[in-house]
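Working notes for the structure below.
The values are calculated or read from the model by the stated rules, or taken from the named source; none is laboratory data. What you are looking at is a predicted structure, and each value in this text was computed from that prediction instead of being measured. Virtual Cβ from ideal backbone geometry, glycine too; neighbours counted across all protein chains shown. Keep in mind that these areas ignore ligands, DNA and RNA; they rest on the heavy atoms of the full protein, side chains included. Shrake-Rupley method; radii C 1.70, N 1.55, O 1.52, S 1.80 Å.
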Amino acid sequence: AGTSHARTRTQLRDMGLTKDQLRQRTKLLRLGARRGRLCSAYVAFGTVLALVLGSLRLAYAPPYDPALDARCVKALRSAQSEWFETRACAYDAREARADFVAAELALTVRAKHAPGPCAVLTLGLPTPSPGRFIGQGLLVDETATGGSSFPTGDEALARKMGFWMRSMMDAGAFTCETHTYTDERAVRVLESSLRKQGYFDAVVGKLWNDHKQAKQLDEEFEKIVKSSPNVKLTVLINDAKRSQSQFARFKKGLASGKVSTLIWRREITSTAQRKALMKEVKFVARFGYSLYLAGASQNAKGGAEPTAYLRIDHGAWDDKFATPNTGIELTIVAVPRDNKFKRLLDQSFSLCPVRSSVLNFNERADALCACETERFSTELAEPTCSLESRLALARSKRRGFWSFFMGKTTEPEDTEGFDELDVALNDVGGEDYEVNK
């Protein structure tokens with residue numbers, strides 16, 4: 001730099017400039033150099049600031065969600081409706097235990113991306129379809145429980161327990177602490193069977209009656225969190241007939257941020273129950289969850305694997321999903337909007353997948369609306385699997401011999417649970433997430 005300035009002074013002297021003029025020119029040159037460096041620093045600082053602000057925007061702003069985008073949700077709803085209409089049986093939890101398959105996915109994602117204390121809370125026992133998974137050991141008592149039997153005097157209950165045990169083991173649920181509440185007759189047997197499998201810390205208790213006892217899911221949630229403050233919960237409600245009041249009594253848990261996945265079954269037998277399910281979905285969504293219908297099917301080896309997951313909250317809902325009297329037990333999965341499991345479902349199991357490239361600032365959202373049902377092209381639409389076929393099968397069962405003489409017999413609807421859910425929906429406060437225009 002010194003040599004450069006000396007050369008400049010020599011050149012100026014040769015031009016006939018005085019010493020004062022030389023000094024003034026030198027000062028101007030130095031000032032110009034400082035301004036250039038300062039300008040470069042400002043540009044560099046602005047670039048870094050823009051990158052930081054962009055990163056913060058991506059980190060704290062809600063991720064792109066097609067169910068909240070009016071430009072995409074129409075295509076999403078149409079694709080999902082057509083898919084469900086031709087492959088309804090894949091969304092019957094009794095066909096391929098979609099709830100436990102979803103739990104396995106959730107627990108796998110949690111272990112990889114958010115390791116730490118975890119708990120699995122289950123209510124009730126699932127109902128498997130007759131003959132499903134026999135031969136894979138899921139309904140065989142001795143296989144499921146390490147040689148113990150279920151001396152309950154109730155074969156149906158024994159099958160439920162065997163199915164639950166094997167499904168929990170396959171899902172990896174016992175890598176977390178487990179809290180299970182079930183039929184009083186099954187408590188002692190399940191405790192014994194779990195110990196024989198080496199699960200000495202598994203908690204088994206009597207499932208409360210929502211109609212007779214105002215016990216809340218929140219009570220069990222608070223007990224678990226008190227003993228392990230940093231725990232993350234996966235909640236499975238395996239009994240499809242649990243009262244709608246159950247979520248009205250789980251507000252603390254849903255608002256805590258500690259319930260990483262909520263999974264429950266529902267069988268719809270009336271339009272009133274369909275409306276109640278829609279309210280359940282709306283209620284849970286208000287706590288910042290995205291909701292899906294979980295699908296699962298049998299693979300060539302007879303095991304269960306996930307198929308397309310269908311969004312059901314906000315603009316993605318379709319009444320076909322909850323058509324009454326199909327005999328289908330739906331599996332609903334709720335995942336927080338900032339959870340890695342949601343990202344997996346949106347990118348890998350959605351009919352209209354969300355790509356990670358949506359994080360680019362200048363990418364058009366329209367490019368995200370393309371649905372790719374061919375991603376699941378190996379799952380052919382069989383006539384017996386369609387929604388129409390399931391409705392016809394259900395109608396034929398209702399027109400059976402005893403129905404002809406005795407009339408249709410159904411359990412009374414839990415209207416008390418409906419009312420409690422309505423009250424909770426009004427009391428929870430907050431606004432629904434609006435679909436972006």
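The table for this structure:
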read-out: Selection within the range 91-100 - open to solvent by 10 Å² or more (accessible area, probe 1.4 Å), within 13 Å of E305 (Cα to Cα) and part of a helix (DSSP H, G or I); value: E95
read-out: Residues that are open to solvent by 30 Å² or more (accessible area, probe 1.4 Å) and either at pLDDT 90 or above or on the phi > 0 side of the Ramachandran plot (or both), drawn from the range 135-160; value: G135, G146, G147, G153
read-out: Hey, D210 within 29 Å of F418 (Cβ to Cβ) and of a type in the set (D, E) or not; value: yes
read-out: The range 196-219 - residue that is open to solvent by 60 Å² or more (accessible area, probe 1.4 Å) and under 18 Å from L262 (Cα atoms) and, of those, modelled with the highest pLDDT; value: E219
read-out: Those residues of the range 50-76 which are open to solvent by 80 Å² or more (accessible area, probe 1.4 Å) and either modelled with pLDDT of 70 or more or within 30 Å of T373 (Cα to Cα) (or both), in sequence order; value: P62, R71, K74
read-out: Odd one out for N299, checked against (1) open to solvent by 30 Å² or more (accessible area, probe 1.4 Å); (2) in contact (Cβ under 8 Å) with a residue 12 or more places away in the chain; value: (2)
read-out: Verdict on F163 being touching a Pro at 6+ places or on another chain (Cβ under 6 Å) and either buried (at least 16 other Cβ atoms within 10 Å of the Cβ) or in a helix (DSSP H, G or I) (or both); value: yes
read-out: Options S243, S192; residue that is farther than 30 Å from L344 by Cα and either open to solvent by less than 20 Å² (accessible area, probe 1.4 Å) or touching a helix residue (DSSP H, G or I) at 6+ places or on another chain (Cβ under 7 Å) (or both); value: S243
read-out: Residue in the range 245-253 that is modelled with pLDDT of 95 or more and hydrophobic (A, V, I, L, M, F, W, C) present; value: no
read-out: Matching residues in the range 166-216 - criterion: being part of a helix (DSSP H, G or I), of a type in the set (S, T, N, Q) and under 24 Å from V231 (Cα atoms); value: S167, T175
read-out: Condition check for K232: touching a residue at least 24 places away in the same chain (Cβ under 8 Å) and open to solvent by 30 Å² or more (accessible area, probe 1.4 Å); value: yes
read-out: Residue match in the range 220-235 (condition: at pLDDT below 95, assigned to a loop (DSSP other than H, G, I, E, B), under 23 Å from V423 (Cα atoms) and of a type outside the set (D, E, K, R)); value: no
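A quick yes/no check of all residues on (1) assigned to a strand (DSSP E or B); (2) modelled with pLDDT under 95:
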| site | (1), (2) |
| --- | --- |
| A255 | no, yes |
| K279 | no, yes |
| S297 | yes, yes |
| G315 | no, yes |
| I332 | yes, no |
| R343 | no, yes |
| L351 | no, yes |
